[in-house]
Amino acid sequence: MKTQVCIIGGGPSGLLLSQLLHLKGIDTVLLERQSREYVLSRIRAGVLEHGFAKLMREAQCGERMDREGEIHEGIFIAHDKGMDRIDLHKYSGGSSVIVYGQTELTRDLYDARAKMKGNVIHNVEDVKPCDLTSAAPYVTYRDGDKVVRIDCDYIVGADGFHGVSRKAIPKDVLREYEKVYPFGWLGVLSQTKPVSPELIYSKNERGFALCSLRSQVLSRYYIQVPLEDSVEDWSDDAFWAELKKRLPGDVAARLVTGPSIEKSIAPLRSFVAEPMSYGRLFLAGDSAHIVPPTGARGLNSAASDIYYLYHAMLDHYQKGDDAGLKGYSQKALARVWKAQRFSWWMTTMLHRFPANIPYDDKLQNTELQYLLSSDVAKQSMAENYVGLPF
Ligand code: RFL
Ligand code: PHB
């Protein structure tokens, strides 16, 4: 098989890039290890920044997002003295975010790829990116007993944190930066009316909690849990009881509970791999970087990678200009590190750290009090939360 760009990974990063390139007449083959149903069963991000939404529209995939997604102009921060609202719209100078689930967004991208008859191959095994530094790289995968080879101009590694692409970069070239947090998030999806029309991030002495949503009839809640906990340790009743304890009394009193339709634990981790390109391989999204979900930056950082890579590839194929491809890693990493900083800051400010000494706790409370009392601090937070420009 032959194509111009072979994309490994059919999550939002890979799908969005293949759709954008296909619309410009650039041929792609996309390889996904799982079935479409499996990919669509993963419950992940819920908050999209405007840059992402714009890219979805450019990919002709924004119609349902614009119809069903909710525009949010603020978030609440709950703490031991009550609850404050950060007016994102005011402090960011008129911007906002869109609440639209990653599952739905991925479904829209799959539907768009199918409509254009995009070449998306599921259930591939043993994917191997090869000859990355030659002018003729290729990818092989196994389909049953058969090994299939795809010759291409470029390979894009959009295969998430556990994918094969990053691992194909030689160890003496790749630098990895990692910080693992001593807790995870237990998330519950339930068909209940959300407790608040806007997200509530709650700092509590029992641990962090987040009240989010997918729609006005579908709620998404998270609580900070020790890393040793497993989903089996948490019945629905135990989850709701703990969540209530971490919310202000009036919010807890109006929380509508119900059976969970999904329950999972995600460990919290910060991770960056540098460089994000090697020869003719380009990494995008979670394959190159991970953030703890507190700042809602993960999927949004994937979107800026795709934006840079898409434009770099357009310059190559339409103008014969390779400056964008050469500068991709540096440009993408500059924004990635800002998302790392913001996610680390939100995570550090709002979670309970078991090893904190009393001095740390005092500083942590002061950080939050400073944010809530300073317009300049709120501006900085809002600017980052709605998304820095691409
Ligand atoms: P994905 O979504 O992991 O997709 C990678 C795909 O590659 C496939 N794959 C392979 N395919 C072929 N061959 C192989 N060898 C392969 N190995 C893997 C996988 O099956 C998969 O389909 O990466 P992508 O596309 O870069 O997208 C990144 C986002 O999924 C991620 O950053 C976000 O979900 C992070 N995130 C959030 N981001 C936000 O911007 N806003 C949020 O509100 C937000 N909330 C969250 C989140 C992530 C969470 N979890 C579970 C980690 C909340 C949570 C709880
Ligand atoms: C979510 O709705 O899943 C969500 C929202 C905001 C975050 C993280 C996750 O910061």
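Where a number appears in this text, it was derived from the coordinates with a stated rule and is not lab data. Since the model is a prediction, treat every value here as computed from it, not as a measurement. Positions of Cβ are backbone-derived with ideal geometry, glycine not excepted, and every protein chain shown enters the neighbour counts.
Points worth noting:
- For peptides 10-18, 331-339, sequence by mean Cβ density within 10 Å, most packed first: 10-18, 331-339
- Spatial separation of Cα centroids for segment 280-295 and segment 302-342, in angstrom: 13 Å
- Under 22 Å from the Cα of LYS81 - lysines, other chains or at least 8 residues apart: LYS203, LYS244, LYS245, LYS362, LYS378
- DSSP assigns beta bridges within the chain; of those with both partners inside it, close to 75 percent run antiparallel.
- Phi angles of segment 374-390 translate, via the Karplus equation with coefficients 6.51, -1.76, 1.60 and θ = phi - 60°, into HN-Hα couplings of 10, 4, 5, 5, 5, 4, 4, 5, 4, 4, 6, 5, 7, x, 5, x, 6 Hz per residue; Gly and Pro are given as x.
- Sequence-distant contacts, meaning Cα pairs under 8 Å at least 6 residues apart, place the relative contact order of segment 239-390 at 19 percent.
- Descending by average beta-carbon neighbour count within 10 Å, the peptides 77-86, 140-149, 107-116 line up as 107-116, 77-86, 140-149, the highest first.
- For VAL225, residues with placed amide H under 5 Å, excluding near neighbours: GLY184, TRP185, LEU186
- Straight-distance candidates among the aspartates and glutamates for linking to LYS263, with alpha-carbon spacing under 12 Å and chain neighbours fewer than 8 residues away dropped: GLU232, ASP233, ASP236.
- Taking the average, over residues, of other Cβ atoms within 10 Å as the packing measure, peptides 373-384, 352-363 rank 373-384, 352-363 from highest down.
- Karplus (6.51, -1.76, 1.60) ³J(HN,Hα), θ = phi - 60°, over segment 115-125, in Hz, Gly and Pro reported as x: 4, 8, 6, x, 7, 10, 10, 9, 6, 7, 10
- Whole-Å distance, taken between Cα centres, linking segment 208-238 and segment 67-120: 19 Å
- Relative contact order %, the chain, counting alpha carbon pairs below 8 Å whose residues are six or more apart: 20 percent
- Amide H partners (placed H, <5 Å) of ALA296, local residues excluded: none
- Under 22 Å of direct C-alpha separation, and excluding same-chain neighbours fewer than eight residues apart, LYS326 reaches these lysines: LYS24, LYS167, LYS171, LYS338.
- Expected 222 nm ellipticity per residue - DSSP helices of 4 or more, -39500 (n - 2.57), all of the chain, to 500: -11000 deg cm²/dmol
- For segment 349-372 versus segment 243-269, the inter-centroid distance based on Cα atoms is 22 Å.
- In order through segment 310-317: 3J(HN,Hα) via Karplus (6.51 cos²θ - 1.76 cosθ + 1.60), integer Hz, x for Gly, Pro: 4, 5, 5, 6, 4, 4, 5, 6
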